[in-house]
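A.B. asks: First, the structure itself, so that you have it in front of you.
The values are calculated or read from the model by the stated rules, or taken from the named source; none is laboratory data. Quick caveat, the model's predicted, so the values are computed rather than measured. Backbone-built Cβ (ideal geometry, glycine too); neighbour counts: all protein chains shown. Areas reflect the complete protein model, heavy atoms only, side chains present, ligands, DNA and RNA absent. Shrake-Rupley method; radii C 1.70, N 1.55, O 1.52, S 1.80 Å.
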Amino acid sequence: MGLIIPVVIGYIYIERFNLWYTFEAFNMDLMGGILGRIVQVGIFPNLALLFVFYTMELWKLAKGVLIAALPYLIASIILMA
């Protein structure tokens, strides 16, 4: 669940703001900064879920969500650079 939610949120964000046209018009290579921001937006639901699990003291679930969010965090750092 922690790996799928950011992808779904990122896709919804791209569809909602019609960014496919922007990516095609300006070449995907130049849009690395925007893709990094979209990945960061996708991580927010995971962090909210992490907070809920942490407050409910479900440590293993919180740890799993945190570990699932790390690849997306690393990807956003790479895309932003």
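A.B. asks: Applying the selection to segment 51-63, what residues are open to solvent by 40 Å² or more (accessible area, probe 1.4 Å) and either in contact with a Phe, Trp or Tyr (Cβ under 8 Å, 6 or more places away or on another chain) or assigned to a helix (DSSP H, G or I) (or both)?
C.D. replies: If the condition is that a residue be open to solvent by 40 Å² or more (accessible area, probe 1.4 Å) and either in contact with a Phe, Trp or Tyr (Cβ under 8 Å, 6 or more places away or on another chain) or assigned to a helix (DSSP H, G or I) (or both), then F51, V52, Y54, T55, W59, K60, L61, K63 are the ones that fit.
A.B. asks: Only residues that are within 30 Å of L66 (Cβ to Cβ) and either open to solvent by 90 Å² or more (accessible area, probe 1.4 Å) or modelled with pLDDT of 90 or more (or both): list them for segment 29-39, please.
C.D. replies: Across segment 29-39, the qualifying residue is only R37.
A.B. asks: Also, I was wondering about something else. I'd like to know if segment 11-27 contains one or more residues that are in contact with a Phe, Trp or Tyr (Cβ under 6 Å, 6 or more places away or on another chain), aliphatic (A, V, I, L, M) and surrounded by 11 or more Cβ atoms within 10 Å (Cβ to Cβ).
C.D. replies: The answer is no, given that none of the residues of segment 11-27 is in contact with a Phe, Trp or Tyr (Cβ under 6 Å, 6 or more places away or on another chain), aliphatic (A, V, I, L, M) and surrounded by 11 or more Cβ atoms within 10 Å (Cβ to Cβ).
A.B. asks: Let me ask something additional. Test I67 against the stated conditions and say whether it is part of a helix (DSSP H, G or I) and either under 21 Å from E15 (Cβ atoms) or under 12 Å from the mean Cα position of the chain (by Cα) (or both). Walk me through it before giving the result.
C.D. replies: Working: part of a helix (DSSP H, G or I): yes; either under 21 Å from E15 (Cβ atoms) or under 12 Å from the mean Cα position of the chain (by Cα) (or both): no.
Taking the combined requirement at face value, the residue does not satisfy it.
A.B. asks: Since M1 meets every condition but one in (1) open to solvent by 80 Å² or more (accessible area, probe 1.4 Å); (2) part of a helix (DSSP H, G or I); (3) at pLDDT below 90, which condition does it not meet?
C.D. replies: So M1 meets the others, but not (2).
A.B. asks: Could you tell me which of the residues E15, E24 is at pLDDT 85 or above, part of a helix (DSSP H, G or I) and acidic (D, E)?
C.D. replies: Within the list E15, E24, the selection yields E15.
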